[in-house]
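The structure under discussion appears below in the form of structure tokens.
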Amino acid sequence: MGYSATGVPSRAPRFNLSTRVVLHLPEGNFKGHSINVSQSGMLATFDRALDVWLDGRLFALVGEDFLGINVRVARVDGRLAGLTFQVAGESDRIMIQKLLERADRTPI
């Protein structure tokens, strides 16, 4: 991640990614669909509204792989949610890389 001309950290580039996702939270499973992905997180829409700051495990169908990573709900607008990846190790980095490889690499 770089910095803008004003010295503010720039956002990680986002790439279009449309795939099914399931978010496992203490209150149950939320089914959804991804919209875009970056090195730091994902924007997705879900079958119901989420609460912000919840921690859960996101599963995504990527090609023939069903991948999981811990996330935090960072922002919510109705059923649309911004999720931050909680990277704990190499397996999480591999999952993020697989998501990015599957995405349309044209930055949005």
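No lab work stands behind these numbers, since they all come straight from the coordinates. Fair warning: this is a prediction, and the values are worked out from it, not measured in the lab.
Normalising the Debye intensity of the range 2-108 to I(0), with uniform scatterers on Cα atoms only, and taking log10 at q = 0.12, 0.14, 0.21, 0.23 Å⁻¹ returns -0.38, -0.51, -1.12, -1.31. Whole-Hz Karplus values for the range 40-52 come out as 9, x, 9, 9, 9, 10, 10, 6, 8, 6, 9, 9, 6 Hz, taken residue by residue from phi with 6.51 cos²θ - 1.76 cosθ + 1.60 and θ = phi - 60°; glycine and proline positions read x.
Helix 90-102 and the long axis of the chain differ in direction by around 80°, with both axes built from C-alpha atoms.
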